[in-house]
Amino acid sequence: MKVFPDLLLRQMQYHDENNPLVNFCKRKDPFVTLDTPQVIKPAIYQCIHDYLNCPYTGILGAAYRENIILNLFIHQLATFTGAERESGDTGTRLRRADIDLLNDIKTYLDQHYLEVGSMQQLTRKFCMNSFKLKHVLKQLFSNSVMKYVDEHKMNYARTMLQQAVKRNRSGR
């Protein structure tokens, strides 16, 4: 993965000179963070998704995106140092097909969260036993399946309420 430091600096609203990330990004040449092919972890996919779909604007949006950039670096640092294996590794090894299926399930949840009513519905749709779905998704995404769906539903409800308030204000 090639990172362009000037792009990172432009994304950071405030350039705190005491921040080691800011000092590191002042270099002129791009740097390679991964020089061998790696499977992109679901947490990194989520960070990228959150960055691209930032719900905030202005200073709050800039702070939100800056935090996501820092989270991406933390995830990569954990990969490099093996810290993620120490804290989260329970000995479960997944096949590539399982990882692909779990990413498909996550994509489905991101797109169809309003239609998901139960865990049983998901296990039938994806032909996966409920234990594996619960355990592995929680391990990979740091959240239970239904909590993940509920958070999406709450964000949707919040957005609908905000839009209704804006329409009511503009309709006066």
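Results, tabulated for the structure shown:
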item	result
Looking only at region 129-172, and only at residues there that are among the aliphatic types (A, V, I, L, M), touching a Phe, Trp or Tyr at 6+ places or on another chain (Cβ under 8 Å) and under 22 Å from Ala97 (Cα atoms), the one that is modelled with the highest pLDDT	Leu133
Check on Asp110, surrounded by fewer than 13 Cβ atoms within 10 Å (Cβ to Cβ), at pLDDT 75 or above and among the charged types (D, E, K, R)	no
Selection count, region 76-100, where residues are open to solvent by less than 80 Å² (accessible area, probe 1.4 Å) and either touching an Asp or Glu at 6+ places or on another chain (Cβ under 8 Å) or at pLDDT below 75 (or both)	11
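The values are calculated or read from the model by the stated rules, or taken from the named source; none is laboratory data. As the structure is a prediction and not an experimental result, all values here were calculated from the model. Glycine also receives a Cβ, built like all others from the backbone with ideal geometry; neighbour counts cover every protein chain displayed. For the accessible areas, the whole protein counts, side chains as well, though only heavy atoms, and no ligand, DNA or RNA atoms are used. Shrake-Rupley method; radii C 1.70, N 1.55, O 1.52, S 1.80 Å.
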